[in-house]
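Q: I'd like to ask you about the structure that follows.
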Amino acid sequence: MIYTKKQLELMMLWKKNKLKRLNILEGSVSSGKTWISLVLWGFWVATMPSDKLYLMCGKSLTTLKRNCLIPLEELFGTDNFTFSTSAKEAYLFGRLILLEGANDARSESKIRGLTLQGAYCDELTLFPEDFFVMLLSRLRVPGAKLIATTNPDSPEHWLKKKYIDRKSELNMLSIRFLLDDNTTLDPEYIQAVKAEYSGVFYNRFILGEWAIAEGLIYPQFNKDLHVVSNYKPSKDAIYYISIDYGTVNPCSMGLWALEDDKAVRIKEHYYNSKKQGDRRTDEEHYQSLVELAKGYDIYQVIVDPSAASFISCIRKHGDFVVRSANNSVIDGVRTTGTLLSQGRLLFSDTCKDSIREFSLYRWDEEKPEDTVIKENDHAMDDIRYFCYTILKFHYWLDE
Ligand SMILES: Nc1ncnc2c1ncn2[C@@H]1O[C@H](COP(=O)(O)OP(=O)(O)O)[C@@H](O)[C@H]1O
Ligand SMILES: [Mg+2]
């Protein structure tokens with residue numbers, strides 16, 4: 001194994017017995033945190049008693065498996081590490097390791113009675129605070145340690161305010177890794193990763209800063225780059241429509257041509273009942289959908305998951321395959337931002353309401369956690385539904 005300079009620094013702390021009870025590796029994406037945390041975890045566990053209990057947890061068991069268990073197997077080989085996510089157990093150098101997903105139902109009650117020698121946490125900011133508090137209370141054996149990795153979040157995040165900012169009082173170490181520290185990566189790849197982020201996500205995931213979400217949500221939107229005129233879809237394009245439903249609020253629909261390398265919003269329909277003065281029924285909204293789809297073979301219609309009556313109205317007509325959208329706001333915003341930064345999301349110049357909302361859609365700076373202002377967000381929502389429900393998988397974007 002060859003360490004980067006930064007990784008070696010961490011390993012030297014361990015060698016010199018300078019690790020603390022809580023050890024947090026924070027910083028940019030792809031900076032080598034997870035890789036070295038797993039090396040350290042493996043070597044450390046191997047030196048600890050084999051009759052004690054250990055725990056590894058991620059946001060869910062699925063992400064834990066992908067981010068940590070499979071890489072651990074590659075690092076130490078199946079002679080030294082085996083796991084079963086169905087049994088929620090692993091063996092690392094003969095030590096029993098329990099596996100948990102921090103967000104899985106009842107995970108907190110599962111760890112309630114344990115006494116742990118060591119715990120490993122992947123992507124700690126994504127854990128519920130209660131789970132982490134419970135976990136700390138379980139590290140009761142002398143010399144017990146926690147090793148965790150995380151990307152930064154808001155400066156108001158519980159992990160930053162209650163732990164990292166108080167590390168001198170807490171027997172805690174935090175060490176920051178930056179993308180440029182990862183000398184195992186090709187510089188061209190590093191450039192490509194940097195180009196994927198803008199705004200607050202650039203500050204957090206590239207600069208490694210605990211940054212507030214402020215200003216425009218999509219500062220990377222640029223008419224010169226993202227708006228096209230007279231776009232002609234290729235013959236292989238697949239068509240989708242995404243919908244943010246509203247009765248009192250505006251109802252926004254976009255027609256997308258999905259190509260190999262990009263998705264283009266070729267037309268949109270935006271109905272503002274307040275402005276236009278009359279509220280429409282589901283049936284009337286359905287007619288607008290039919291109008292928007294005219295001349296195109298629509299593969300799927302992606303709809304606001306809360307619009308139950310409209311979804312059943314579309315189903316009843318039987319002309320479209322309808323899917324309810326994934327409405328995780330912040331994850332969806334991040335995916336949409338990445339697609340914009342990659343130049344994979346384009347808009348026809350006729351999509352006036354999308355273009356208008358891009359210049360207005362903002363973060364709520366009064367709120368401690370990342371919160372969007374729920375104004376000028378109707379086209380923004382239907383775009384996000386499409387990006388997070390369809391494009392994320394189509395272009396293999398990370399979670
Ligand atoms: N010392 C190393 N030797 C070989 N590959 C490494 C090393 N450190 C990191 N990597 C690789 O670099 C990439 C990013 O590292 P990772 O630990 O996943 O970053 P982070 O957790 O900071 O996002 C991964 O593909 C990882 O395998
Ligand atoms: Mg990682």
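Q: How many residues does the stretch 115-158 contain that are part of a loop (DSSP other than H, G, I, E, B) and within 13 Å of ligand 2 (Cβ to nearest atom)?
A: 4
Q: Also, quick follow-up: Taking Ala102 as the residue in question, decide whether it is touching a Lys or Arg at 6+ places or on another chain (Cβ under 7 Å), within 16 Å of ligand 2 (Cβ to nearest atom), among the small types (Gly, Ala, Ser) and under 17 Å from Thr63 (Cβ atoms).
A: The answer is yes for Ala102.
Q: I need a count of the residues in the stretch 96-114 that are in a loop (DSSP other than H, G, I, E, B) and under 21 Å from the mean Cα position of the chain (by Cα). Let's see the steps before the verdict.
A: Step one: of the stretch 96-114, the residues in a loop (DSSP other than H, G, I, E, B) are 102-106, 112-114.
Then drop every residue that is not under 21 Å from the mean Cα position of the chain (by Cα), which leaves 102-105.
The number of residues fulfilling the criteria is 4.
Q: If Phe43 meets every condition in (1) away from ligand 1 (no atom under 12 Å from the Cβ); (2) buried (at least 17 other Cβ atoms within 10 Å of the Cβ) apart from one, which number is that one?
A: Only one criterion is unmet by Phe43, namely (2).
Q: Let me ask something else about it. Based on what the data block shows, is Val248 on the phi < 0 side of the Ramachandran plot, surrounded by 15 or more Cβ atoms within 10 Å (Cβ to Cβ) and not assigned by TED's automatic domain parsing to the domain that holds Asp180?
A: In short, no.
Q: For the stretch 186-217, which residues satisfy the criterion of being outside any helix (DSSP H, G or I) and over 18 Å from the mean Cα position of the chain (by Cα)? Before you say what the answer is, go through the steps one by one.
A: Just the residues of the stretch 186-217 that are outside any helix (DSSP H, G or I), to begin with: 186, 196-198, 206-217.
Across the stretch 186-217, the qualifying residues are Asp186, Glu214, Gly215, Leu216.
Q: I'd like the full set of residues that are touching a residue at least 40 places away in the same chain (Cβ under 8 Å) and either farther than 20 Å from Pro128 by Cβ or not assigned by TED's automatic domain parsing to the domain that holds Ser137 (or both), limited to the stretch 79-114.
A: Result: Leu92, Phe93, Gly94, Arg95, Leu96, Ile97.
Q: For the stretch 324-399, list the helices (runs of 4 or more DSSP H) that sit wholly inside it and hold at least 3 residues that are surrounded by fewer than 17 Cβ atoms within 10 Å (Cβ to Cβ); which are they?
A: Details: elements: 329-341, 352-358, 378-386.
Once the helices (runs of 4 or more DSSP H) in the stretch 324-399 are filtered for at least 3 residues that are surrounded by fewer than 17 Cβ atoms within 10 Å (Cβ to Cβ), what remains is 329-341.
Q: Oh, and also: Do we have Thr34 as over 22 Å from Ile206 (Cα atoms) and hydroxyl-bearing (Ser, Thr, Tyr) here?
A: No, not satisfied.
Q: Taking the condition of being acidic (Asp, Glu) and in a strand (DSSP E or B), how many residues in the stretch 77-95 meet it?
A: Total satisfying the criteria: 1.
Q: Now a separate question. Return yes when Glu89 is crowded, with 21+ Cβ neighbours inside 10 Å and acidic (Asp, Glu) and no when it is not. Please lay out each step first, then the result.
A: Working: crowded, with 21+ Cβ neighbours inside 10 Å: no; acidic (Asp, Glu): yes.
Here the answer is no, as Glu89 does not meet what is asked.
Q: Take the conditions over 24 Å from the mean Cα position of the chain (by Cα) and in a helix (DSSP H, G or I) and apply them to Lys161. Does it pass?
A: no
Q: Here is a follow-up. His226: closer than 23 Å to Thr350 by Cβ, in contact with a strand residue (DSSP E or B) (Cβ under 8 Å, 6 or more places away or on another chain) and free of Cβ contacts under 8 Å to residues at least 24 places away in the same chain, yes or no?
A: Working: closer than 23 Å to Thr350 by Cβ: yes; in contact with a strand residue (DSSP E or B) (Cβ under 8 Å, 6 or more places away or on another chain): yes; free of Cβ contacts under 8 Å to residues at least 24 places away in the same chain: no.
Criteria not met by His226.
Q: Tell me which of these Ile190 doesn't satisfy, since it passes every other one: (1) under 21 Å from Leu124 (Cα atoms); (2) within 16 Å of ligand 2 (Cβ to nearest atom); (3) not hydroxyl-bearing (Ser, Thr, Tyr).
A: (1)
The values are calculated or read from the model by the stated rules, or taken from the named source; none is laboratory data. Just so it is clear, the structure is predicted and the values come from calculations on it, not from any experiment. Every residue, glycine as well, gets a Cβ built from its backbone with ideal geometry; the counts of neighbours run over all protein chains shown.
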